[in-house]
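In what follows, a structure is listed as C-alpha cells, so that the remarks can point back to it.
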Amino acid sequence: MKPKQKSALITGICGQDGSYLADFLLAKGYRIFGLERRASKKNRENISASMHNVTFLSGDLLDEASLVHALKKAKPDEVYNLAAQSFVGDSWPQPVYTGEVTGLGVTRILEAVRQVNPKIKFYQASSSEMFGGSKESPQNEKTHFYPRSPYGVAKLYGHWITINYRESYGMFAASGILFNHESPRRGMEFVTRKITHRAAEIKLGLAKELRLGNLDAKRDWGFAGDYVEAMWLMLQQDTPGDYVIGTGITHSVREFVEAAFAHLKLDWKKYVKVDKTLLRPADVHLLLADARRAHKELKWKPKVGFQELVQMMVDADVERLARGQ
C-alpha cells in the first residue's frame, strides 16, 4: 500500500527559512500549505520557484481565529512556526509589536493546534538571541538564557510556552535554537545581506561606501538551506525536544566584510565606514553554538562553510544587480 502523503503548514513561508523549508519538504514529497498575511502577498520572491506547488492560506499570528481556520483547512501532519518580527534592530523601536507577534503569536498557534488536533507535530523557531549576554561559550541546550533585545525576550517567551504546551498537554512540540543562518534570500535589513549587496553595488559602480555599526560582534554563521533540514529532523524523532543548531565556528562582522570584498577583489578598508548611529542600545558580542546533541541524536551537520556561504551570497547579489533587479 502506498504510504499517505504527508502535509505541512508553514508560517512565514515567504521568508528566507520558510522558502528553503518549502523547497526541502516538496523534495520529500510533502503537500505544502503556506500561511500568509494579507500584507505579505506581494512578497513572494523567495518562494517563486516553488509557488505553484504551495497552497496559500490567509492567516496572522495576531488572530487566533484565522489560525484555527487555516489548520482546519490544511489538516497538516506538521506545523512549522517560522513567522515572526524577526529583525533584532526593529525590535527596539517596536518592542510591543515584536512581543505580540514573536512571543504571544506562538501561544496563539499552539492553542490553535491544541484545539484543532493536538496530535499535529509542532516546530517552533527559537533563536540564539535568547542567549544574548550569556557568559558561557559555546552555548548549548543547558546554557542559561540572557536575552539582550526585545526580540530575544520575545523569542524566549515563545520558547518557554512551547515547552509548557509540550509538558502540560503532551503535544509533540519541538524548538530549534538556531544560530545565525544566512543565504541569498536573506532580507536586506540583515547585516550579512547588507554587506554582500553593497559590496556588489560597489563592484558594479553603483555605490561608493558601506556604513556599518559594530564590526567586532561575533556570530556563528551557517547556511539556511542546511538548517531547515534540522527543523524537519526534529519532527521525525520519537520524542520531542529542543536542539541547538549551528556550525560551532565564530566569525566577526569584520571577517564577513573582508571575505565579501576579497571575493570581489576589493579592499574593504577603502569603502567601509563605521557609523555610531547604527549601534544598538545593547549588543550581543559573541554567539557560538555547541550543537553536539543535534549531531548525535538528529545525525545533522552543516554542509556549507563560511567562505562558501559568503561567496554564494555575493555572487547572487552581483547576478541580481547585473539583471537590473
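Readers should treat all values here as calculations from the given coordinates under stated rules, not as data from a laboratory. All figures in this text were calculated on a predicted structure; none of them were measured in a lab. Glycine also receives a Cβ, built like all others from the backbone with ideal geometry; neighbour counts cover every protein chain displayed.
Quick notes on this one:
- Considering segment 136-294 at the alpha-carbon level, its Rg and Dmax are found to be 18.1, 58 Å.
- Choice from THR192, THR55, THR107 with maximal GNM fluctuation in the chain (Cα, 10 Å cutoff): THR55
- Cα shape, segment 76-167, gyration tensor, a/c 1.5 rule: oblate
- Across the chain, Cα pairs under 8 Å and at least six residues apart give a relative contact order of 17 percent.
- Whether segment 8-129 is rounded, prolate or oblate, judged on the alpha carbon gyration tensor where a/c under 1.5 counts as rounded: oblate
- Relative to the dominant Cα principal axis of the chain, helix 224-234 is inclined by about 20°.
- What you get for the chain, charging only the Cβ of Lys and Arg (+1) and of Asp and Glu (-1), is a dipole of about 540 debye around the Cα centre.
- Helix 16-27 vs. the chain, principal-axis angle (Cα, 0 to 90°, nearest 10): 60 degrees
- Gain on full stretching of the segment that runs from ASP238 to HIS52 - 0.36 nm per residue minus C-alpha separation: 63.7 nm
- For LYS142, the lysines whose Cα falls under 30 Å of its own Cα, not counting residues fewer than eight places away in the same chain, are LYS119, LYS121, LYS155, LYS218, LYS296, LYS299, LYS301, LYS303.
- Answer label, with semi-axes √(5λ) of the Cα gyration tensor in Å calculated from the coordinates and candidates (1) 39, 23, 20; (2) 32, 22, 19; (3) 42, 21, 16: (2)
- Degrees between helix 306-322 axis and first principal axis of the chain (Cα, 0 to 90, nearest 10): 80 degrees
- Expected 222 nm ellipticity per residue - DSSP helices of 4 or more, -39500 (n - 2.57), all of the chain, to 500: -11000 deg cm²/dmol
- Segment 127-148 and segment 4-22: distance between their alpha carbon centers, rounded to Å: 27 Å
- Between LYS6 and LYS296, the simple spin-label model (points 7 angstrom out along Cα→Cβ) gives 2.4 nm.
- Label separation (ALA207 vs ASN117): 4.5 nm, computed from points 7 Å beyond Cα along the C-beta direction.
- Under the criterion of Cα pairs below 8 Å and six or more residues apart, the relative contact order for segment 194-275 equals 47 percent.
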